[in-house]
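**Q** To start, I am sharing the structure in question, which I have written as structure tokens.
The values are calculated or read from the model by the stated rules, or taken from the named source; none is laboratory data. Treat the numbers as computed from the prediction; the structure is a model and nothing was measured. For neighbour counting, all protein chains shown are included, and Cβ atoms are generated from backbone atoms with ideal geometry for every residue, glycine included.
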Amino acid sequence: MTAPLGGIRVVDLTSYIAGSYGAMMLADLGADVIKVEAIEGDSFRELPGFYGWNRGKRSLALNLKDPAGRAVVHRLAKDADVVMENMRPGVVERLGVDYETLRALNPRIIYSTVTAFGSDGPYKERPGFDPLLQAMGGLMALQGFGGPPQYLRIAPTDYYCAALACQAVLAALFVRERTGHGQRVQTSLLQAVLALQSGSVVNYPGREVVLRETPTYRLYQGGDGEWFFLAVGNQSFWMKLCKVIGREDLARDPRFGSWLSRRDHADALMPLLEEAFGSRPAAEWVEILTASDIPAALTRTLQQFMLDPAVQHHQMTVTYDHPELGALTLMGQPLRFSETQAPDAGPPPTLGQHTDEVLRQAGYADHEIADLRRRGVVAGKD
């Protein structure tokens with residue numbers, strides 16, 4: 001059984017999250033991803049999250065500022081299918097690993113670029129990270145819901161940008177199958193933070209733009225002080241809710257006859273629901289609501305959720321015997337294929353773990369590798 005991207009080789013020049021996670025998504029699909037790191041390692045290696053963004057890759061520790069290091073990337077690119085980078089605009093050109101240079105060596109190459117604000121435009125020179133785009137793009141204001149802005153700590157812009165980069169690479173590979181030609185594909189954190197809010201960007205004459213509580217789609221506290229989320233998203237769920245809480249009169253009240261009318265009369269409806277939900281512990285309410293086919297869920301930590309039977313059923317974690325960390329538990333593959341499931345890609349690499357292996361596959365003789373190591377062009381396990 002061949003994995004979806006079996007036989008595809010990716011030269012990964014990325015770091016941080018948006019670049020690294022996008023390349024890892026390709027590794028999860030069976031691609032051979034070679035992570036080209038600085039001699040001192042990826043700047044995020046000191047963070048635990050690094051291991052969750054680089055699973056299943058091979059590591060080549062390389063000094064890209066040395067002409068001999070640049071020559072290594074050129075040799076890898078000649079036989080690669082994809083090159084991915086997320087350096088600031090102009091850096092890849094200075095290093096000699098830009099699209100035009102690599103395309104001259106391999107016209108079939110797919111070259112993925114991820115930036116903060118785009119490769120051109122008024123902000124192209126600015127450094128950018130997920131929280132900055134959250135702030136600029138409205139996510140923090142949206143989560144603050146009219147109060148102080150709220151920082152989303154899971155880096156949604158980074159992760160969605162990574163998914164967009166992966167999507168673009170897959171589409172470009174498909175196009176190449178039809179045309180025989182590679183191309184450059186680009187996205188940015190700026191584009192990702194807007195794409196995340198596609199429903200909110202919608203505008204037309206007379207559209208009402210308000211930040212207002214929807215009483216049937218929000219957090220509530222049970223009588224024990226614990227929180228749960230109520231997601232009554234249509235009229236059928238609303239009718240069921242009224243019956244479950246013993247307030248069928250609310251279903252007949254014209255003020256609450258639709259989603260929009262319930263939102264518009266939130267000040268009247270919310271206290272009634274808060275009073276009802278305060279009569280029992282939150283967990284008991286979730287059990288009652290779920291049994292009545294009304295969407296609701298307790299708020300929990302990620303660590304608590306990882307113990308949930310549904311998570312266990314889908315085998316969403318994998319544990320590796322890592323040479324430096326010991327038992328290393330990571331998120332597993334989130335995709336399932338009926339015919340072409342990729343095998344587990346393996347643990348994240350140690351720095352330079354595959355340097356010699358990658359160089360030998362690229363045609364370097366052992367004495368050449370030893371010379372590169374002696375000159376500080378490459379490093380890692382020998």
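**Q** Name the one entry in PRO349, PRO334 that is more than 16 Å from PHE50 (Cα to Cα) and in a loop (DSSP other than H, G, I, E, B).
**A** Result of the check over PRO349, PRO334: PRO334.
**Q** Given the options VAL91, VAL97, name the one that is modelled with pLDDT of 95 or more and crowded, with 17+ Cβ neighbours inside 10 Å.
**A** VAL97
**Q** Among the candidates GLU93, GLU46, GLU40, single out the residue that is in a helix (DSSP H, G or I), more than 19 Å from the chain's Cα centre (by Cα) and either under 23 Å from THR350 (Cβ atoms) or among the acidic types (Asp, Glu) (or both).
**A** Exactly one residue qualifies, and that residue is GLU93.
**Q** I'd like to verify a number: residues in region 97-106 that are over 24 Å from PHE44 (Cβ atoms) and either in contact (Cβ under 8 Å) with a residue 24 or more places away in the chain or outside any helix (DSSP H, G or I) (or both), how many?
**A** 6
**Q** Kindly list, by first and then second residue, each pair from a residue in region 57-86 that is closer than 19 Å to VAL169 by Cα and in the same structural domain as ILE39 (by TED's automatic domain parsing) to a residue that is modelled with pLDDT under 95 and hydrophobic (A, V, I, L, M, F, W, C), limited to pairs with Cβ atoms under 9 Å and residues at least 6 apart or on different chains.
**A** Between residues of region 57-86 that are closer than 19 Å to VAL169 by Cα and in the same structural domain as ILE39 (by TED's automatic domain parsing) and residues that are modelled with pLDDT under 95 and hydrophobic (A, V, I, L, M, F, W, C), the close pairs are LYS57/ALA345.
**Q** Taking region 119-136, which residues are touching a helix residue (DSSP H, G or I) at 6+ places or on another chain (Cβ under 9 Å) and surrounded by fewer than 21 Cβ atoms within 10 Å (Cβ to Cβ)?
**A** GLY121, TYR123, ARG126, GLY128, PHE129, PRO131, LEU132, ALA135, MET136
**Q** Then there is this: Condition check: in a loop (DSSP other than H, G, I, E, B), closer than 20 Å to ARG373 by Cβ and either of a type in the set (Phe, Trp, Tyr) or over 19 Å from the mean Cα position of the chain (by Cα) (or both). Does ILE34 satisfy that?
**A** When the stated conditions are applied, ILE34 does not pass them.
Yes/no matrix, rows are residues, columns are (1) within 22 Å of the chain's Cα centre (by Cα); (2) of a type in the set (Ser, Thr, Tyr); (3) modelled with pLDDT under 95:
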| site | (1), (2), (3) |
| --- | --- |
| LEU272 | no, no, no |
| ALA276 | no, no, no |
| SER279 | no, yes, no |
| ALA282 | no, no, no |
| VAL286 | no, no, no |
| THR301 | yes, yes, no |
| GLN315 | yes, no, yes |
| GLN333 | yes, no, yes |
| PRO348 | yes, no, no |
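**Q** Say we look at region 1-31 and pick out the residues that are part of a loop (DSSP other than H, G, I, E, B) and of a type in the set (A, V, I, L, M); which of these is nearest to the chain's Cα centre (by Cα)?
**A** Filtering region 1-31 for residues that are part of a loop (DSSP other than H, G, I, E, B) and of a type in the set (A, V, I, L, M), the one nearest to the chain's Cα centre (by Cα) comes out as ILE17.
**Q** Going by the structure shown, is THR319 hydroxyl-bearing (Ser, Thr, Tyr) and under 30 Å from ASP79 (Cβ atoms)?
**A** no
**Q** Working carefully through the options ALA116, ALA162, ALA155, find the one that is surrounded by 15 or more Cβ atoms within 10 Å (Cβ to Cβ), in contact with a Leu (Cβ under 6 Å, 6 or more places away or on another chain) and not basic (Lys, Arg).
**A** Unique residue meeting the criteria: ALA116.
**Q** Further question: Considering only region 332-377, how many residues are exposed (fewer than 12 other Cβ atoms within 10 Å of the Cβ), charged (D, E, K, R) and closer than 13 Å to GLY30 by Cα?
**A** Summing the residues that are exposed (fewer than 12 other Cβ atoms within 10 Å of the Cβ), charged (D, E, K, R) and closer than 13 Å to GLY30 by Cα in region 332-377 gives 1.
**Q** Among the residues in region 133-151, are any under 27 Å from VAL33 (Cα atoms) and in contact with a Leu (Cβ under 8 Å, 6 or more places away or on another chain)?
**A** no
**Q** When the residues of region 207-263 are narrowed to those that are among the acidic types (Asp, Glu) and at pLDDT 95 or above, which ends up surrounded by the fewest Cβ atoms within 10 Å (Cβ to Cβ)?
**A** ASP249
**Q** Go through region 291-311 residue by residue and tally those that are within 16 Å of LEU241 (Cβ to Cβ), outside any helix (DSSP H, G or I) and free of Cβ contacts under 8 Å to residues at least 40 places away in the same chain.
**A** 0
**Q** What number goes with the only condition from (1) in contact with a helix residue (DSSP H, G or I) (Cβ under 9 Å, 6 or more places away or on another chain); (2) over 23 Å from SER20 (Cα atoms) that LEU328 does not pass?
**A** With (1) in contact with a helix residue (DSSP H, G or I) (Cβ under 9 Å, 6 or more places away or on another chain); (2) over 23 Å from SER20 (Cα atoms) applied to LEU328, the lone miss is (2).
**Q** Does ASP356 fit the bill of being within 20 Å of ALA61 (Cβ to Cβ) and not in a loop (DSSP other than H, G, I, E, B)?
**A** It is true that ASP356 is within 20 Å of ALA61 (Cβ to Cβ) and not in a loop (DSSP other than H, G, I, E, B).
**Q** Residues that are more than 30 Å from LYS124 (Cα to Cα), at least 1 per element: which strands (runs of 3 or more DSSP E) completely within region 180-290 meet that?
**A** 217-221, 227-231
**Q** Would a scan of region 196-203 turn up a residue that is on the phi < 0 side of the Ramachandran plot, β-branched (Val, Ile, Thr), surrounded by fewer than 18 Cβ atoms within 10 Å (Cβ to Cβ) and out of contact with any strand residue (DSSP E or B) (no Cβ under 7 Å at 6 or more places or on another chain)?
**A** Looking through region 196-203, at least one residue is on the phi < 0 side of the Ramachandran plot, β-branched (Val, Ile, Thr), surrounded by fewer than 18 Cβ atoms within 10 Å (Cβ to Cβ) and out of contact with any strand residue (DSSP E or B) (no Cβ under 7 Å at 6 or more places or on another chain).
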